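Below: one structure, written as structure tokens.
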């Protein structure tokens, strides 16, 4: 079973606050991803990383930013949260092997008031 | 990336076998077929992956016909805990690959 962690699990904040969602994995995986998912809706890729110092934007435009300074850590930051950012944020990682299975964290449910 | 089509929802009863079919008419030669399962308020979980013919693991079986334009996820003897959303993904296994999750199939298992 893969070990990928996200904190916090739930976050309720006011508009305009800066927030950072944490994601860490202990498998040494090179590739990491951030998805956004509204309740009952599809997952949308918003950021991904091939490795340290590599970050790319995903298919869904997002006002968030990410960094990848260490292999195991892939935090997502919102400089000024808005109600439109209310959603579930899922982090995943995968090893660069043939099967490329993605392992997901439990998610952070963000509510911006 | 190949587009996939799955039923929006399916209902079943405990103990039955459930088959969820996914259509992917424009699958490419180097594409693999992968299925994920997602419970409410959790991240998706890998179930099974295959390229052709049949793949079986402790959780499910995956049937892929010779033309690979569709695939069927088979869940033997489902239980209430199998109620979840099931996603079919088709993508090449190569560096830099991005997975595209569609709407998935909501499976409801009833007692």
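Things worth noting here:
- Scan of region B:35-49 for residues that are surrounded by 19 or more Cβ atoms within 10 Å (Cβ to Cβ), in contact (Cβ under 8 Å) with a residue 12 or more places away in the chain and more than 10 Å from the chain's Cα centre (by Cα), ordered by number: B:38, B:44
- Consider region B:94-106 and keep the residues that are farther than 16 Å from residue A:48 by Cβ and in contact with a strand residue (DSSP E or B) (Cβ under 6 Å, 6 or more places away or on another chain). The one that is modelled with the lowest pLDDT is B:104.
Here's the yes/no breakdown for (1) within 14 Å of chain A (Cβ to nearest Cβ); (2) under 30 Å from residue A:9 (Cα atoms):
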position: B:2; (1), (2): no, no
position: B:15; (1), (2): no, no
position: B:20; (1), (2): no, no
position: B:44; (1), (2): yes, yes
position: B:48; (1), (2): yes, yes
position: B:73; (1), (2): no, no
position: B:80; (1), (2): no, yes
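- Count of region B:56-85 residues which are part of a strand (DSSP E or B) and closer than 27 Å to residue A:37 by Cβ: 9
- Annotation: residue A:6 fulfils all but one of (1) within 11 Å of another protein chain (Cβ to nearest Cβ); (2) touching a residue at least 60 places away in the same chain (Cβ under 8 Å); (3) under 23 Å from residue B:104 (Cα atoms); the unmet one is (3).
- Qualifying residue in region A:74-85 (condition: crowded, with 21+ Cβ neighbours inside 10 Å, under 19 Å from residue B:46 (Cα atoms) and in contact with a strand residue (DSSP E or B) (Cβ under 9 Å, 6 or more places away or on another chain)): no
- The set of residues in region B:73-97 being within 23 Å of residue B:40 (Cα to Cα) and surrounded by fewer than 16 Cβ atoms within 10 Å (Cβ to Cβ) consists of B:76, B:77, B:79, B:80, B:81.
- For residue A:99, the criteria (1) over 20 Å from residue A:5 (Cα atoms); (2) more than 7 Å from chain B (Cβ to nearest Cβ); (3) modelled with pLDDT under 95 hold in every case but one, which is (2).
- Screening residue B:9 against (1) surrounded by 15 or more Cβ atoms within 10 Å (Cβ to Cβ); (2) within 13 Å of chain A (Cβ to nearest Cβ); (3) modelled with pLDDT of 95 or more leaves a single unmet condition, (1).
- Given (1) away from chain B (no Cβ under 14 Å); (2) surrounded by 14 or more Cβ atoms within 10 Å (Cβ to Cβ); (3) more than 23 Å from residue A:14 (Cβ to Cβ), number of the condition residue A:70 does not satisfy: (2)
- Matching strands (runs of 3 or more DSSP E) fully within region A:1-93 where at least 3 residues are over 12 Å from the mean Cα position of the chain (by Cα): A:10-13
- Restricted to region A:24-45, and to residues there that are closer than 14 Å to residue A:93 by Cα and within 11 Å of chain B (Cβ to nearest Cβ), the residue that is surrounded by the most Cβ atoms within 10 Å (Cβ to Cβ) is A:35.
- Total residues in region B:50-61 satisfying the condition of being more than 13 Å from every other protein chain (Cβ to nearest Cβ) and under 11 Å from the mean Cα position of the chain (by Cα): the figure is 2.
The values are calculated or read from the model by the stated rules, or taken from the named source; none is laboratory data. Every value quoted in this text rests on a predicted model; they were computed, and no experiment measured them. Counting neighbours? That spans all protein chains shown, and the Cβs are built from the backbone with ideal geometry, glycine included.
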